[in-house]
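Structure first, then comments.
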Amino acid sequence: MTSDRFHDTVLTVDYASPTAARRVARAIEPEIGDIDDDRSSVSLRRESNTVELHVTASDVVALRASLNTWLSLVQTAEAAGKLA
């Protein structure tokens, strides 16, 4: 990102087990480098049964768009895990 100003938020999702958290983190992790652009970026951290996404953007529109994308990816990973 080229801007000196930024907006950020942290999404924290707790799961019933470390296995469930690991499954979701592994499912969305490959998207991190592919979805980042010059207006937004994300980092992922998993500890025990918690998945944390730190989303940073150069403006609020980019932040909202990035949050929508990552929330959809998490929801899809959760749904796929229930089918497995």
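Quick check on the range 4-16. Is at least one of its residues of a type in the set (S, T, N, Q) and at pLDDT 95 or above?
yes
Which ones in the range 1-21 are over 17 Å from residue 77 (Cβ atoms), among the aliphatic types (A, V, I, L, M) and surrounded by 15 or more Cβ atoms within 10 Å (Cβ to Cβ)? Please lay out each step first, then the result.
Initial filter on the range 1-21 (over 17 Å from residue 77 (Cβ atoms)): 1-10.
If we keep only those that are among the aliphatic types (A, V, I, L, M) too, we end up with 1, 10.
Passing the criteria: only 1.
For the list (1) surrounded by 15 or more Cβ atoms within 10 Å (Cβ to Cβ); (2) under 19 Å from residue 80 (Cα atoms), I need the number of the one condition that residue 41 fails.
(2)
Would you confirm, using the coordinates I've provided, whether residue 24 is modelled with pLDDT of 95 or more, exposed (fewer than 15 other Cβ atoms within 10 Å of the Cβ) and in a helix (DSSP H, G or I)?
no
When the residues of the range 27-46 are filtered to those that are in a helix (DSSP H, G or I) and under 15 Å from residue 68 (Cα atoms), which remaining residue is modelled with the highest pLDDT?
28
The values are calculated or read from the model by the stated rules, or taken from the named source; none is laboratory data. Only a predicted model underlies this, so the values are computations on that prediction, with no experimental measurement involved. Note that we place each Cβ from the backbone using ideal geometry, even for glycine, and neighbour counts take in every protein chain shown.
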